[in-house]
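The values are calculated or read from the model by the stated rules, or taken from the named source; none is laboratory data. From a predicted model like this one, the values you see are computed outputs, not experimental measurements. Positions of Cβ are generated from backbone atoms using ideal geometry, with glycine treated the same way; all protein chains shown enter the neighbour counts.
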Amino acid sequence: MRIILLGAPGSGKGTQGDRIVGRYGIPRISTGDILRRQIAEGTELGREAQQYVDRGNLVPDPLILGMVRDRLQQGDVENGFLLDGFPRSIPQAEGFDALLLRQGKRLDLVVKLDVSKRLLIERMAGRRVCEKCGALYNVKSEPPRKEGVCDRCGGPLTQRDDDAEETVRQRLAVYEKSTAPLIDYYDAQELLVIVEAEGSVDEVDARIRAALDARTGREEGAG
Ligand code: ADP
Ligand code: ZN
């Protein structure tokens, strides 16, 4: 399964992505996670990327495409992968298509998570992440059992720097301008499935599963 998870920041890509990769046993590749790790480690790429991430802007396409190309060299992508947060612009999508073509591979599905703007802002304001293991929570909708403490590993929960309200608005504006055009791009390739992504994590999960099952079923049926 080669899947792209598309959606505005706060649409639930991280949470739902975790579930999908658990079910299919494929790695989740999040360009945001890779960037945050590079920034934390202070690598050259991290230092270059930080100025963009902090302002809620897109890191330049060539940097991102190089990062993804390197990641796809690793052996664990043999049975597929889930991309979360990539591609995020038409040039990234075109670069990725060229990369896949060279490898003789193709995408199975692009899942777009649909959430109203009002809810996006609310979700990001409440989002907390475990500093140790990266588990995601929301103070309103998915609170940890004990406030500020990770259920899984006991690590401290914090708010991402770029989840501050002003940066959130900038990230949403960037999404509308640069990323939303990918919906038509993948629809034209007949890869797009739109999933209504308000409601509980389990409800959305069930809708995604149905969409993926329908897709695999159809492919088997077609031989
Ligand atoms: P979210 O989807 O919640 O906005 P991410 O973790 O995917 O969060 O991304 C955080 C930031 O990392 C983005 O605002 C952007 O600055 C940078 N980033 C992540 N992925 C990409 C990408 N594919 N292209 C450009 N910038 C990216
Ligand atoms: Zn944790």
Quiz prompt | Hits in region 31-65 (condition: at pLDDT below 95 and among the small types (Gly, Ala, Ser)) | solution = GLY32, ALA40, GLY56
Quiz item: Could you list, in sequence order, the residues of region 95-120 that are within 13 Å of ligand 1 (Cβ to nearest atom) and over 17 Å from the mean Cα position of the chain (by Cα)?
Solution: GLY95
Practice problem: Report yes if some residue within region 104-123 is polar (S, T, N, Q), more than 16 Å from ligand 2 (Cβ to nearest atom) and surrounded by fewer than 20 Cβ atoms within 10 Å (Cβ to Cβ); otherwise report no. | Solution: yes
Practice problem: Within region 64-74, track down each residue that is in a helix (DSSP H, G or I) and in contact (Cβ under 8 Å) with a residue 24 or more places away in the chain. | Solution: ILE64, LEU65, MET67, VAL68, ARG69, ARG71
Quiz item: Can you find even one residue in region 75-89 that is crowded, with 17+ Cβ neighbours inside 10 Å and assigned to a helix (DSSP H, G or I)?
Solution: no
Self-check item: Residues satisfying the stated conditions in region 1-38, i.e. touching an Asp or Glu at 6+ places or on another chain (Cβ under 9 Å), farther than 24 Å from SER200 by Cα and of a type in the set (Val, Ile, Thr)
Solution: THR31
Quiz item: If a residue has to be over 16 Å from the mean Cα position of the chain (by Cα), assigned to a helix (DSSP H, G or I) and closer than 14 Å to LEU63 by Cα to count, how many in region 16-49 make the cut?
Solution: 8
Self-check item: Output for region 34-67, where each listed residue is surrounded by 15 or more Cβ atoms within 10 Å (Cβ to Cβ) and within 16 Å of ligand 2 (Cβ to nearest atom)
Solution: ARG36
Quiz item: Can we say SER89 is under 27 Å from ARG123 (Cβ atoms), near ligand 1 (Cβ under 10 Å from one of its atoms), modelled with pLDDT under 95 and under 15 Å from the mean Cα position of the chain (by Cα)?
Solution: no
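Okay, residues lined up against (1) closer than 21 Å to GLU122 by Cα; (2) in contact with a helix residue (DSSP H, G or I) (Cβ under 8 Å, 6 or more places away or on another chain); (3) of a type in the set (D, E, K, R):
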| position | (1), (2), (3) |
| --- | --- |
| LEU157 | yes, no, no |
| ASP161 | yes, yes, yes |
| ASP184 | no, no, yes |
| GLU196 | yes, yes, yes |
| GLY199 | yes, no, no |
| ARG207 | no, no, yes |
| LEU212 | no, yes, no |
| GLY217 | no, no, no |
Practice problem: From ASP61, ASP54, grab the single residue that is more than 19 Å from ALA180 (Cα to Cα) and touching a residue at least 12 places away in the same chain (Cβ under 8 Å). | Solution: ASP54
Practice problem: Can you tell me which residue within region 124-160, out of those that are part of a helix (DSSP H, G or I) and of a type in the set (A, V, I, L, M), is surrounded by the most Cβ atoms within 10 Å (Cβ to Cβ)? | Solution: MET124
Self-check item: Condition broken by GLY199, with the remaining ones in (1) modelled with pLDDT of 90 or more; (2) part of a loop (DSSP other than H, G, I, E, B); (3) under 23 Å from ILE4 (Cβ atoms) satisfied
Solution: (1)
Quiz item: Under the condition of being under 18 Å from LYS13 (Cα atoms) and among the polar types (S, T, N, Q), which residue from region 132-179 is farthest from ligand 2 (Cβ to nearest atom)?
Solution: SER178
